[in-house]
Amino acid sequence: MAETFIGYDFRHIHHYKEFEVSPQGERVDLDINSQDPQKPGVWTWNSGFQVAARIDSKNKVWYGAMRIPFGAIDPEPPHIGTMLRINLFRCQGPPPDRKLLAWQTPMSKTFHVPEKFGLLMLVDQP
């Protein structure tokens with residue numbers, strides 16, 4: 001499983017979007033409020049994002065891609081200088097020996113630590 005958490009609102013950092021892709025091409029998109037995990041709509045939100053995945057059994061690796069509409073992340077159109085809070089995660093292997101990997105380590109038993117997200121700034125093409 002590969003996961004991306006993205007938030008645009010720096011005043012309400014506990015509200016962000018979660019996107020997941022599995023090696024089998026399964027997808028999950030969630031509208032998260034980590035301070036209110038039972039909020040209505042978390043599981044029924046549909047961002048319109050697309051996934052592709054492929055397993056290479058011979059080399060014991062899988063490839064996954066996500067295509068996330070920007071409007072699913074931020075209601076404002078993107079522009080040069082747009083800042084987003086983001087973190088990238090990977091769950092590798094089955095329990096109980098599952099490995100959890102992160103771009104910005106949350107130092108927690110859960111990935112849902114928005115205070116530890118990194119920053120992504122949109123820039124002009126070189």
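The values are calculated or read from the model by the stated rules, or taken from the named source; none is laboratory data. None of the values given here were measured: they were computed from a predicted structure. Every residue, glycine as well, gets a Cβ built from its backbone with ideal geometry; the counts of neighbours run over all protein chains shown.
Could you check how many residues of region 78-119 are without any contact (Cβ under 8 Å) to a residue 40 or more places away in the chain and in contact with a strand residue (DSSP E or B) (Cβ under 8 Å, 6 or more places away or on another chain)?
The qualifying residues number 13.
So is SER47 of a type in the set (S, T, N, Q) and within 30 Å of ASP124 (Cβ to Cβ) or not? Reasoning before the result, please.
Numbers: of a type in the set (S, T, N, Q): yes; within 30 Å of ASP124 (Cβ to Cβ): yes.
Considered against the rule, which asks whether it is of a type in the set (S, T, N, Q) and within 30 Å of ASP124 (Cβ to Cβ), SER47 comes out as yes.
Of the residues GLY64, GLY71, which is touching a Ser or Thr at 6+ places or on another chain (Cβ under 9 Å) and in contact (Cβ under 8 Å) with a residue 60 or more places away in the chain? Talk me through it step by step, then tell me what you get.
Working: GLY71 fails: in contact (Cβ under 8 Å) with a residue 60 or more places away in the chain.
Selected residue: GLY64, the only one of GLY64, GLY71 that is touching a Ser or Thr at 6+ places or on another chain (Cβ under 9 Å) and in contact (Cβ under 8 Å) with a residue 60 or more places away in the chain.
Looking at (1) touching a strand residue (DSSP E or B) at 6+ places or on another chain (Cβ under 7 Å); (2) exposed (fewer than 11 other Cβ atoms within 10 Å of the Cβ); (3) not hydroxyl-bearing (Ser, Thr, Tyr), which is the one condition that is false for ARG11?
(1)
Just for region 70-116: of the residues that are more than 26 Å from GLN50 (Cβ to Cβ) and aliphatic (A, V, I, L, M), which one is modelled with the lowest pLDDT?
MET107
Report the residue count in region 101-126 for those that are aliphatic (A, V, I, L, M) and buried (at least 16 other Cβ atoms within 10 Å of the Cβ).
The first filter runs over region 101-126 and keeps only residues aliphatic (A, V, I, L, M), leaving 101-102, 107, 113, 119-123.
Filter once more, so that each one left must be buried (at least 16 other Cβ atoms within 10 Å of the Cβ): 102, 113.
So the count comes out to 2.
Going by the structure shown, is PHE5 aromatic (Phe, Trp, Tyr) and either part of a strand (DSSP E or B) or out of contact with any strand residue (DSSP E or B) (no Cβ under 9 Å at 6 or more places or on another chain) (or both)? Walk me through it before giving the result.
On the way: aromatic (Phe, Trp, Tyr): yes; either part of a strand (DSSP E or B) or out of contact with any strand residue (DSSP E or B) (no Cβ under 9 Å at 6 or more places or on another chain) (or both): yes.
It is true that PHE5 is aromatic (Phe, Trp, Tyr) and either part of a strand (DSSP E or B) or out of contact with any strand residue (DSSP E or B) (no Cβ under 9 Å at 6 or more places or on another chain) (or both).
Has region 83-92 got any residue that is out of contact with any His (no Cβ under 9 Å at 6 or more places or on another chain), exposed (fewer than 11 other Cβ atoms within 10 Å of the Cβ) and not aliphatic (A, V, I, L, M)? Break it down into steps so the answer makes sense when it comes.
Let us first name the residues in region 83-92 that are out of contact with any His (no Cβ under 9 Å at 6 or more places or on another chain), namely 83-92.
In the following step, the residues that additionally are exposed (fewer than 11 other Cβ atoms within 10 Å of the Cβ) were identified as none.
Scanning region 83-92 turns up no residue that is out of contact with any His (no Cβ under 9 Å at 6 or more places or on another chain), exposed (fewer than 11 other Cβ atoms within 10 Å of the Cβ) and not aliphatic (A, V, I, L, M).
Filter region 14-25 down to residues that are free of Cβ contacts under 8 Å to residues at least 40 places away in the same chain and under 17 Å from ARG98 (Cβ atoms) and give me whichever is surrounded by the most Cβ atoms within 10 Å (Cβ to Cβ). Reasoning before the result, please.
Pass one, region 14-25, residues free of Cβ contacts under 8 Å to residues at least 40 places away in the same chain: 15, 18, 20, 24-25.
From what's left, under 17 Å from ARG98 (Cβ atoms): 20, 24.
Working: GLU20: 20, GLN24: 12.
My answer is GLU20.
Which of the strands (runs of 3 or more DSSP E) found entirely inside region 17-126 contain at least 3 residues meeting this: over 15 Å from the mean Cα position of the chain (by Cα)?
Ranges flagged: 50-56, 61-67.
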